[in-house]
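Please read the structure below before turning to the comments.
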Amino acid sequence: MDVKLIAHTTMPESVVAAAARLCYSADDPQDLLAGMDSAKTGALVDKLASMGHLSPFEHANFTFAISGISRATSHQLVRHRIASYSQRSQRYVRETDFDYVVPPRIAQSPEGQAKFVRLMDEIARAYAELATVVPPEDARYVLPNACTTAIVCSMNTRSLHNFFAHRLCRRAQWEIRELAEKMLAQVKEVAPALFTGAGAPCETSGTCPEGAMTCGYLEAKRMKERAPK
């Protein structure tokens, strides 16, 4: 998996701060950052997050180039609808000798790994044979979810917070969780104040919205804290 933040709003934290100040100021919008140093900007961003006033966060955007993820994971990614996506087409790009992702639990099983690789090889041969007699757009129907893909994804800060809350959860599938971890690490480098509180609810607020489907992490943590020293 390769994830790279290739573009983002210039001075994203300042843009968010300016948008927030506009809501309560009669000043000219172009003068809203006057006297706003990094400390004041960070403090305002923290206040917005604590208040749940996140609409100003939507003015800062981040664009990622992502490759080497499976189609199974890209299908999960694009369910986050307040975003923009451009994905490599299996209709126009031939998938002869396609790369694929092997889930760790399959890789840990010698028998499972051997069966998985044999099946991928069989699918690759079937695809190559079909692609000689039918258009790639029809041959692609035999391709597996394991087949790798590439995608450019753009999200605003508020959408990214939602993405991280869901996909950094311990119940999220391993591959999209790894993707979310890489994305969060990179946006924190360029806009740390905007993403200070980003992550799974169990880590950020000590709550779990999963109900009966909880992974049990919080309860285990509380029991450990209550245990005699």
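Summary table
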| quantity | calculated |
| --- | --- |
| Every pair of residues 6+ apart whose Cβ atoms lie under 6 Å, when the first sits in the stretch 34-55 and is in contact (Cβ under 8 Å) with a residue 60 or more places away in the chain while the second is among the charged types (D, E, K, R) and surrounded by 13 or more Cβ atoms within 10 Å (Cβ to Cβ) | Thr41/Glu13; Val45/Glu13; Leu54/Arg158 |
| In the stretch 74-122, the residues that are of a type in the set (D, E, K, R) and over 30 Å from Ala165 (Cα atoms) | Arg91, Arg94, Glu95, Asp97, Glu111, Lys115, Arg118, Asp121, Glu122 |
| Ala65 modelled with pLDDT of 95 or more and part of a strand (DSSP E or B) | yes |
| Helices (runs of 4 or more DSSP H) lying entirely in the stretch 120-202 (those with 3 or more residues that are among the charged types (D, E, K, R) and without any contact (Cβ under 8 Å) to a residue 60 or more places away in the chain) | 174-190 |
| Residues being assigned to a loop (DSSP other than H, G, I, E, B) and within 20 Å of Met183 (Cα to Cα) - total across the stretch 40-62 | 2 |
| Lys182 being at pLDDT 90 or above and either surrounded by fewer than 16 Cβ atoms within 10 Å (Cβ to Cβ) or in contact with a strand residue (DSSP E or B) (Cβ under 8 Å, 6 or more places away or on another chain) (or both) | yes |
| Identity of the residue in the stretch 62-81, in contact with a strand residue (DSSP E or B) (Cβ under 8 Å, 6 or more places away or on another chain) and of a type in the set (Val, Ile, Thr), that ends up farthest from Thr148 (Cα to Cα) | Thr63 |
| Qualifying residue in the stretch 30-39 (condition: assigned to a helix (DSSP H, G or I), over 26 Å from Glu175 (Cα atoms) and at pLDDT 85 or above) | yes |
| Single condition Arg170 does not satisfy, out of (1) farther than 27 Å from Phe64 by Cα; (2) assigned by TED's automatic domain parsing to the domain that holds Leu48 | (1) |
| Residues of the stretch 68-104 that turn out to be more than 30 Å from Ala128 (Cα to Cα) and either part of a strand (DSSP E or B) or touching a Cys at 6+ places or on another chain (Cβ under 7 Å) (or both), as a count | 2 |
| Residue tally, condition outside any helix (DSSP H, G or I), modelled with pLDDT of 90 or more and not hydrophobic (A, V, I, L, M, F, W, C), over the stretch 6-29 | 3 |
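The values are calculated or read from the model by the stated rules, or taken from the named source; none is laboratory data. All figures in this text were calculated on a predicted structure; none of them were measured in a lab. Don't worry about glycine lacking a Cβ; one is built from the backbone with ideal geometry, like all the others, and counts go over all protein chains shown.
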